[in-house]
Amino acid sequence: MKPAAFEYHAPREFDDVLELLADDSVDARVIAGGQSLVPMMSFRLAAPERLVDLRRVEALRELRVEADGTLVVGASVTQARLLRTVERSHPLLAEGISHIGHPQIRSRGTVCGSLAHHDPTAELPALALALDARFSVVSAEGGERELDADEFFVSYYEVALEPGEMLASVTFPAWSGERGWSFRELARRRGDFALVGAVATVERSASGTPSDPRLVLFGVGERPVRMHEVEAVLDGAPLDAEGIEATRALIADAITPVDDVHASAEYRREAAVELAVDALAEAWGRSRDV
Amino acid sequence: MSDQALAINVVVNGAEYATDVEPRLLLTDFLRHKLRLTGTHVGCEHGVCGACTVLIDGEPQRACLVFAAQADGCEIATVEGLAAPDEPLHPVQQAFHETHGMQCGFCTSGFLMTVTALLRDTPHPSDEQVIDALGGNICRCTGYKNIVAAVRRAEELLAGGEAVPAPDAPPTPTTPSPVATEPTPTTPAPVAAEAGHG
């Protein structure tokens, strides 16, 4: 099918973008890479009356690495560009991004677009949650507000953006090379959305025990979930094979996957547990003494 | 709102076009219907199959996931730009031809654009890099074996026709075989079965 008719704007000034989004009598959407929005429009799952293209707004193309390693990713920064930038400096982010679609998608699809679209089986929302990303949300009327991942992701394809607001940038804190990490996902074909996936990070304290362990699962519910209970059990305890095995039941109980055409809830739960324990073991193996 | 006419300027295969488009016109339809460049094929029209892959400012992208209006100011390369009708085939086309990297051919123009960009950026890709790039293009006929062979052959042709040993191939013997009296041709002989497939 072809997309329904809409009006199109590509202003040069960020303020003009916000003005075009502010009119609440018009159903307006931002378009950057369009790698999720255009197919939704072609299926007529989305039929916005107005598209505001960000391609001419210089300020939104900014990809800044600050002196301390903090990454600020503007709304128009493509996944491929972030991948090239962090290939060596942020192995977890790089590994996760390399699982998004295909090179032909990543060369156009944006980081902020994937976050604002919030497919709960997508890689970037889970990475943002695991990595304490901060979301800069801007509107003409309300100015700027900053949200964390837990506040930003609401439910399937739903985020905390109010009418007139857009995601202007996302900030990832600096990555510490001592931190162990792992990114695992299960997809039926290369480049497909994952059925389920796991992100794990952990530090190794001076006494050789895990410190600040993180486990995020995705594809197991309406949004990526941090396994706080599992983290609490692992923190400071010996992270040997036995310790990791002991988390299986906790993980299985903490998630509520659903049946759909791609996989049953039970299959997803089983796969999520396997990916999670593998990810924890791999992250621990990669962690180094501080 | 549907009658909004947007003036766009694009360069397609080196030729400049200044024209008006409706906002909802996809780049695939712009190329095929407005410019009559029908080498870019439309398969799924929702970004899954890769048949419509073109290069936008040098990057392989799906033309069905881009509105023509978004391509304003861009340089686009389609399969028609790889080699003019009176020219020899582009090395990537030649490689697909030699290795029979196609069956029905519907997906081929998308593969050609993907592989052209891959080998431009990565002249000697790893198997993993080849698979990552080809994973974005669906071929329902071949099972990919000959397409991967085409990538390896194109790699050789672009490197000047020299054979590149496969990473897992046994090393080439350094002493010539006693029976080989003629030098190995650097350009392959024409494929015998050339005319066998319509």
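Read-outs throughout are calculated quantities, based only on the coordinates presented, and are distinct from any laboratory measurement. It should be emphasised that the depicted structure is a prediction, and the values quoted were computed from it without experimental measurement. All Cβ positions, even for glycine, are placed from backbone atoms using ideal geometry, and neighbour counts span all protein chains on display.
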Residues of region A:5-22 that turn out to be within 7 Å of chain B (Cβ to nearest Cβ) and either in a loop (DSSP other than H, G, I, E, B) or more than 26 Å from B:Thr28 (Cα to Cα) (or both), as a count:
2
Residues of region B:43-61 being without any contact (Cβ under 8 Å) to a residue 24 or more places away in the chain and either crowded, with 24+ Cβ neighbours inside 10 Å or away from every other protein chain (no Cβ under 11 Å) (or both), which ones?
B:Gly47, B:Gln61
Selection within region A:102-129 - hydroxyl-bearing (Ser, Thr, Tyr) and in a loop (DSSP other than H, G, I, E, B)
A:Ser107, A:Thr121
In region A:87-108, which residues are among the polar types (S, T, N, Q) and within 18 Å of A:Glu66 (Cα to Cα)?
A:Ser89
Enumerate the helices (runs of 4 or more DSSP H) found wholly within region A:219-286, keeping only those where 1 or more residues are surrounded by fewer than 19 Cβ atoms within 10 Å (Cβ to Cβ) and under 24 Å from the mean Cα position of the chain (by Cα).
A:228-234, A:248-254, A:265-286
So the check is Cβ under 6 Å with 6+ separation or different chains; which pairs have a first residue in region A:238-259 that's farther than 19 Å from A:Arg223 by Cβ and a second one that's in a helix (DSSP H, G or I)?
A:Leu239/A:Trp284; A:Ile244/A:Val277; A:Ile244/A:Leu280; A:Ile244/A:Ala281; A:Thr247/A:Val230; A:Arg248/A:Val273; A:Leu250/A:Glu229; A:Leu250/A:Val230
Is it the case that A:Arg108 is within 27 Å of B:Ile8 (Cα to Cα), surrounded by 24 or more Cβ atoms within 10 Å (Cβ to Cβ) and basic (Lys, Arg)?
yes
For region A:23-37, state whether one or more residues are in a helix (DSSP H, G or I), touching an Asp or Glu at 6+ places or on another chain (Cβ under 8 Å) and either within 14 Å of chain B (Cβ to nearest Cβ) or touching a residue at least 12 places away in the same chain (Cβ under 8 Å) (or both).
no
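More than 13 Å from chain A (Cβ to nearest Cβ) and either among the hydroxyl-bearing types (Ser, Thr, Tyr) or at positive phi (or both): does that describe B:Thr99?
It is true that B:Thr99 is more than 13 Å from chain A (Cβ to nearest Cβ) and either among the hydroxyl-bearing types (Ser, Thr, Tyr) or at positive phi (or both).
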Across region B:7-32, which residue is farthest from the other protein chains (Cβ to nearest Cβ) among those that are crowded, with 19+ Cβ neighbours inside 10 Å and in a strand (DSSP E or B)?
B:Val12
